[in-house]
Amino acid sequence: MIKGTYIVYEDGKEIARSSNIITKFGKRFTTNFLAGNVVGNSRDIAVGIGSGKTLSSISGSGSAITYTTSSDHGLEAGDRVSVYGSNIAGYNLKNVAVATAPTTTTFTVTNSATGSYTSGGKLISDIDSRLEFEFYRLPVLFGSTDIQTTSNITTYVVVYKTTLPQDVSGVISEIGLYPSNRISTNNFDSKFLADFTDPLDWFAADGSTGVESTTGAKIGSTTVTLSSASTSAREYFYTIPATDFSGYSVYDSIKLAYYKNNADLQSIKVRFYSSDSNYYEATITDTSGTGYKISSDILMSTVYSGGSGTPDKTKINKIGIVITPKTSLSTTVNFDGLRINDEDSFDPYFGLISRTLFDTSLTKQAGRKVDVEYRMEIGF
């Protein structure tokens, strides 16, 4: 059996630890590595702001726990899951097998826990292929083994360790381990399209620009506030070097992280321009409530089917964001990050090996040294 734990240290002192899920890719990768079929032994550790798939209901019968997700879970019997953050501690199970998956939004695990569920609950599983919203990745600086015998029991552990640079800041709620090497070069990899670091990068036709804010900052220490034009929509533009989107298929996706300041937001539109009158477009219909939001995955099929004119995928040179308030109202939104994710490129030796969530997010402050250690225990 293989199990793992992520441990985070600040200035040499442990501040958090969390057990992981070894993904299905990770199990295949580790098997191939032990067989000598993997070229290169370097690894990367990635950190992100994602919180897993949301659970809307949990109930225990005394013999099984039924979990209900707010969207399609994609699980089958035998898949492994971990649950975090439910108000009932007994429902927060780690690395357990799915017993049944009777619908696309419900599944069960065999367990005797019971209790009145009222709130909370996030899910990760071994079918995960990436972090929900990665914001920084760096190579493992130190790899070793730790073999210890206590009370005639010997444990065999592989240790990976790296250090987040002092100038990196952000809120860490998820961590993952990846191989560093690929079989082939992919020019259309997952990456940031905008990290909203400079408010003056975002400008509107009426002369308005973004405003720097610390509200809702998870990627770095600031966000960019964009506002509607009083009671009507306003579009802000961000000029980028000519970028080729042609290698991103209809199965790839974009994802937006933002902070909703009030209940007056109707929608956000994200546009990708190849010229002033030719663009692709996707609309994010606002979810209920206020606070920090990470959009669902927006497929590029949706992006490519929306917009105006005849945009050229090979020459995207500007990003537009349209803030639309509800009728007769005005609104502001703080933006934190925009990513494009490569979902369909298959590489048998590259993918997410393991993933964890933290029950309480960690704040990495600029100027602080933070070490991340991953300990993979191998049972023989």
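Picking from residues in region 290-325 that are polar (S, T, N, Q) and more than 17 Å from F335 (Cα to Cα), the one that is farthest from the chain's Cα centre (by Cα) is T310.
If we keep just the residues of region 155-193 that are among the basic types (K, R) and over 27 Å from I321 (Cα atoms), which is surrounded by the fewest Cβ atoms within 10 Å (Cβ to Cβ)?
Here the answer is R182.
Restricting the search to strands (runs of 3 or more DSSP E) fully inside region 235-289 and requiring at least 1 residues that are under 21 Å from the mean Cα position of the chain (by Cα) and charged (D, E, K, R) gives 253-260, 265-275. Checked against (1) in a strand (DSSP E or B); (2) within 19 Å of the chain's Cα centre (by Cα); (3) aliphatic (A, V, I, L, M), L131 passes all but condition (1).
Residues in region 142-197 that are in a strand (DSSP E or B), within 30 Å of V211 (Cβ to Cβ) and among the small types (G, A, S): G170, S173, A194. Highlighted here are the strands (runs of 3 or more DSSP E) found entirely within region 319-380 that include at least 1 residues which are under 30 Å from N278 (Cβ atoms), touching a residue at least 12 places away in the same chain (Cβ under 8 Å) and of a type outside the set (F, W, Y): 332-341. The sole residue among S295, S228 that is surrounded by 17 or more Cβ atoms within 10 Å (Cβ to Cβ) and either free of Cβ contacts under 8 Å to residues at least 40 places away in the same chain or farther than 23 Å from S361 by Cβ (or both) is S228. Taking the criterion of being more than 18 Å from K260 (Cβ to Cβ) and part of a loop (DSSP other than H, G, I, E, B), the residues of region 207-230 that qualify are G207, S208, G220, S221, S230. Candidates in region 194-211 are the residues that are exposed (fewer than 15 other Cβ atoms within 10 Å of the Cβ) and among the charged types (D, E, K, R); of these, the one that is farthest from the chain's Cα centre (by Cα) is D206. The residues of region 70-98 that are surrounded by fewer than 16 Cβ atoms within 10 Å (Cβ to Cβ), without any contact (Cβ under 8 Å) to a residue 40 or more places away in the chain and either assigned to a loop (DSSP other than H, G, I, E, B) or among the basic types (K, R) (or both), listed by number, are S70, D72, E76, A77, G78, N87. Taking the listed residues S354, S361, the one that is within 30 Å of S18 (Cα to Cα), polar (S, T, N, Q) and in contact with a helix residue (DSSP H, G or I) (Cβ under 7 Å, 6 or more places away or on another chain) is S354, with no other qualifying.
Every number here is computed from the coordinates shown, using simple stated rules; none is lab data. If you're wondering where the values come from, they're calculated on a predicted model, not measured in any experiment. Cβ sites come from the backbone with ideal geometry, for glycine too, and all protein chains shown count toward neighbours.
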